[in-house]
Amino acid sequence: MAINRKLLSIALGGLLSLTAISTVQAVDEVRLGTLYPVTGSAALAGGRALAAVKAVVDIVNNYYDLDIPLARTEGLPNLGGAKIKLIVADHQGKPEIGRAEAERLIDNEKVVALFGAYHSSVSAAASNVAERRGIPYLTGESSSPKLHTRGFKWFFRTGPHDGHYTKTMFDFIRDFQKNTGIEIKTAAIMHEDTQFGVDSAREQVRLCKENGIEVVAKIAYRAKTPSLTAEVQLLKAANADVFFPTSYEGDAILTVKTMKELGYTPKLWLAQNAGYNQPGFAKAVGADAEGIISRSPFSMDMAERIPLVGKINEIYKKHSGVDIFDPPIRTFVGALVLIDAINRAGSTDPEKIRDALRATRFPASAIPMPWNDIEFGPDGQNNGISTALIQMQNGTYYSVYPFEVAAKEVIYPKPAL
């Protein structure tokens, strides 16, 4: 019966494959390079992203009864059942290390593609290497809008970028004002100084101008700074109607604690994800996170509408010990799309893998988020995404926008710190 099930699995896997392959290249394993911060200040976030990649590899290399490509096979059927072997590189959140590790993965480890890297600045550096070497680079979570505008031919991103997310924030402000009569006339922007923060702030300034919102404070700070006292004092003096922070986890925690010390609470707090969505943030600040709104394409309440979420979460928890959240859910989807493309290519030739990525037509039914599909534009950006806003309420993030699909109503103003 085991042999029959295997044959049936391969047949079903062939039906799930989105592009027919006429030849099969039989190999023992396919080496996939991953770049994440395994040590350093973002090690927890990097470890949970890496757990999402490992969950995908688990699904691909073994049999799972899931309605997603490659789940009901063991290995890659179009490469003779070859298993995926992850080669993990630790970039520590530093672009120069990410660049060097990308070179090592390509030159020494002979990986067929690169995947990562959480930090946009590291993805920028590592994908430069991949572009020069002719190796596909795919990111599921790096969100700088600049990444897909460099004219690269080997870069792909499955998830939204900060332009998408920021537009959703301003759509929310527009609809919130319309529904409540509360006016949002002024904004304060605070961002860390890596590519993620700088590009995010640029989008926020642009959209404030387009929407007639005055930027009364725009504050950049050094990433991983030991103090934000001066910056929060400026925010308090500005007392804007909406606060837009862009920070990784440690800085997000420091922001909340410093605001509490100085007795300042923004009435409307719209965060650019990253640190504000990590489980460690909520644990560190506790009830002070109540009412903070963050952008996200995902929240666990989506499991009620998308059954695939719960099934994937069970597998993710085996590798992480926690429920899946954003950004690991974006990592999961990106890794699955890349490995599916390798299978559809039927080859370990990087150029054939790139061509398979360009031909991707990943259906909404196989995505554990309410996206339309995954289909890359000429710039490598997926155009089938959608975004949402989530708010911390009673210790859990719930979707609050778009209003028509929200699990909870918005709490306003944010409770005092």
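Can you give the calculated 222 nm mean residue ellipticity of the chain, where each DSSP H run of n ≥ 4 adds -39,500 (n - 2.57) and the sum is split over every residue, rounded to the nearest 500 deg cm²/dmol? Intermediate values should be presented prior to the final figure.
On the way: 12 runs with 168 residues, N = 417.
Rounded to the nearest 500, it is -13000 deg cm²/dmol.
For segment 152-165, in order, what is each residue's ³J(HN,Hα) by Karplus, 6.51 cos²θ - 1.76 cosθ + 1.60 with θ = phi - 60°, in whole Hz (x at glycine and Pro)?
6, 9, 10, 9, 9, 9, 7, x, x, 10, 5, x, 4, 5
Distance from the Cα centre of segment 315-331 to that of segment 220-287, in angstrom?
25
Using just the alpha carbons, could you tell me how many Å³ per residue the convex hull of segment 149-215 encloses?
Numbers: hull volume 7.0 nm³, N = 67.
Convex hull volume per residue, Cα atoms: 104 Å³.
Roughly how many debye, to the nearest 20, is the charge dipole of the chain about its Cα centre, given +1 on each Lys and Arg Cβ, -1 on each Asp and Glu Cβ, and no other charges?
Numbers: 46 positive and 45 negative charges, 70 e Å.
The dipole of the chain has a size of about 340 debye.
What number, in nm² with one decimal, is the all-direction average of the projected area of the convex hull of the alpha-carbon atoms of segment 26-127? It would help to have the intermediate numbers written out before the result.
Working: hull surface 26.2 nm².
If I average the Cα hull's projected area over directions, I get 6.6 nm².
Among Lys267, Lys153, what is the fewest-to-most ranking by other Cβ atoms within 10 Å?
On the way: Lys267 15, Lys153 12.
Starting with the residue having the fewest Cβ neighbours, the order is Lys153, Lys267.
Indicate, rounded to the nearest 5 percent, the antiparallel portion of the DSSP beta bridges found entirely in the chain. If you can, show how the numbers build up before the last one.
Values: 13 of 46 bridges.
Roughly 30 percent of the beta bridges in the chain run antiparallel, per DSSP.
Which value in Å does the Kirkwood hydrodynamic radius of segment 307-395 take, with 1/r averaged over all unlike C-alpha pairs and then inverted?
Values: mean 1/r = 0.0687 Å⁻¹.
One decimal place: 14.6 Å for the Kirkwood radius.
Pairs of Cα atoms under 8 Å, at least six residues apart: use those to get the relative contact order of the chain, whole percent. Numbers along the way, then the final one.
Numbers: 895 pairs, mean separation 74.6, N = 417.
It comes to 18 percent, rounded to a whole number.
Taking each pair of distinct Cα atoms in the chain once, what is the resulting Kirkwood hydrodynamic radius in Å? Walk me through the intermediate numbers first.
Numbers: mean 1/r = 0.0460 Å⁻¹.
By the Kirkwood definition, the hydrodynamic radius is 21.8 Å.
Would you list Ser227, Ser127, Ser247 from fewest to most Cβ contacts within 10 Å?
Values: Ser227 11, Ser127 32, Ser247 27.
Ordered from fewest to most neighbouring Cβ atoms within 10 Å, Ser227, Ser127, Ser247 come out as Ser227, Ser247, Ser127.
Note the full-extension length gain between Lys267 and Asp379 as 0.36 nm times their separation in residues minus their Cα-Cα distance, in nm to one decimal. Don't jump to the answer; show the numbers that get you there.
Values: separation 112, 0.36 × 112 = 40.32 nm, distance 3.82 nm.
Residue separation times 0.36 nm, minus the Cα-Cα distance, leaves 36.5 nm.
Mind checking the angle between helix 249-262 and the chain's longest principal axis? C-alpha axes, 0 to 90 degrees, to the nearest 10.
10
At 0.36 nm per residue, and after removing the present C-alpha to C-alpha distance, how many nm does the segment from Lys110 to Asn372 gain when stretched out fully?
My answer for the length gained is 90.9 nm.
In whole Hz, what ³J(HN,Hα) sequence does segment 403-410 give by Karplus (6.51, -1.76, 1.60; θ = phi - 60°), x for Gly and Pro?
So the Karplus estimates, Gly and Pro as x, are 4, 5, 10, 6, 7, 9, 7, 5 Hz.
Treat the count of other C-beta atoms within 10 Å as a stand-in for reagent exposure and order Ser121, Ser320 from fewest to most.
Details: Ser121 24, Ser320 21.
Going from sparsest to densest Cβ surroundings: Ser320, Ser121.
Would you mind checking the tilt of helix 229-238 against the longest principal axis of the Cα atoms of the chain, expressed as 0 to 90 degrees and rounded to 10?
The helix 229-238 is inclined about 60 degrees to the chain.
In whole Hz, with x marking every Gly and Pro, tabulate ³J(HN,Hα) for segment 394-401 from phi via Karplus 6.51 cos²θ - 1.76 cosθ + 1.60, θ = phi - 60°.
6, x, 9, 7, 10, 5, 10, 7
Where a number appears in this text, it was derived from the coordinates with a stated rule and is not lab data. Note that the structure is a prediction, hence the values are computed from the model and not measured. A quick note on method: Cβ atoms are made from the backbone with ideal geometry, for glycine too, and the neighbour counts reach across all protein chains shown.
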